Amino acid sequence: MQHPFLIDAVTKLIKEGIPSSLHSLVNRTPLSETSTHPHSTPLGDVKSNAEQNKGTVVHVKKDRDLIGVCSTVEALHISNKTCNSCELDDWEFCGLSQLRELTIGNECFQYVKSLQFVGFPHLKSVDIGKECFIKVKGGVFEARDCLCLEGVKIGDGSLVAVERVRLES
């Protein structure tokens, strides 16, 4: 999308850095630890993380490892007991257009209500470990318009509180 507002916003972030308040929210760290500069944190870490992950397998071991994952990542592996902050209640995959494989370890994303994969042309497999997505009632598990999807594996006790499951090609 070539919207002038988006171009200006991205340019400003690259030049001036991410505001420390946004950085602390994303990293779940106190403002005093985010930057030596009082108003911003350099974008370099996020940018280099994205560049490093281009077309590869990414292993997420901490919540903040999800930041800056490049859209060309083909496999995303989430370690056991990761991404369980009660503040992490929504997780969107929409930017991962090249994703082929998603593996989520045991006891992850406890507070995320819904998990949706819509229009992932390369996605082949989704493997969700035991007791994931369980502490919030309601929500949806949906996989549709994923023409290459060969299998979805859901571990014991995962997604037990969703209200609706939708699987279609």
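The values are calculated or read from the model by the stated rules, or taken from the named source; none is laboratory data. Computed from a prediction, not measured in an experiment: that's the story for all the values here. Here the Cβ is made from the backbone with ideal geometry for all residues, glycine too, and neighbour counts use every protein chain on show.
Data table
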{"read-out": "Tally of residues being under 14 Å from LEU115 (Cα atoms) and among the acidic types (Asp, Glu) across region 132-169", "value": "2"}
{"read-out": "Any hit, region 118-132, residues being within 15 Å of the chain's Cα centre (by Cα), more than 20 Å from THR56 (Cβ to Cβ) and at pLDDT below 95", "value": "yes"}
{"read-out": "Count - residues of region 59-117 that are crowded, with 17+ Cβ neighbours inside 10 Å and on the phi > 0 side of the Ramachandran plot", "value": "4"}
{"read-out": "All positions within region 121-163 that are in contact (Cβ under 8 Å) with a residue 40 or more places away in the chain and under 22 Å from VAL73 (Cα atoms)", "value": "HIS122, GLY129, CYS148"}
{"read-out": "Residues (closer than 19 Å to LYS81 by Cα and surrounded by fewer than 17 Cβ atoms within 10 Å (Cβ to Cβ)) located in region 118-135", "value": "ASP127, LYS130, LYS135"}
{"read-out": "Residue within region 73-80 that is modelled with pLDDT of 85 or more and over 14 Å from the mean Cα position of the chain (by Cα) present", "value": "yes"}
{"read-out": "Count - residues of region 65-91 that are charged (D, E, K, R) and without any contact (Cβ under 8 Å) to a residue 24 or more places away in the chain", "value": "1"}
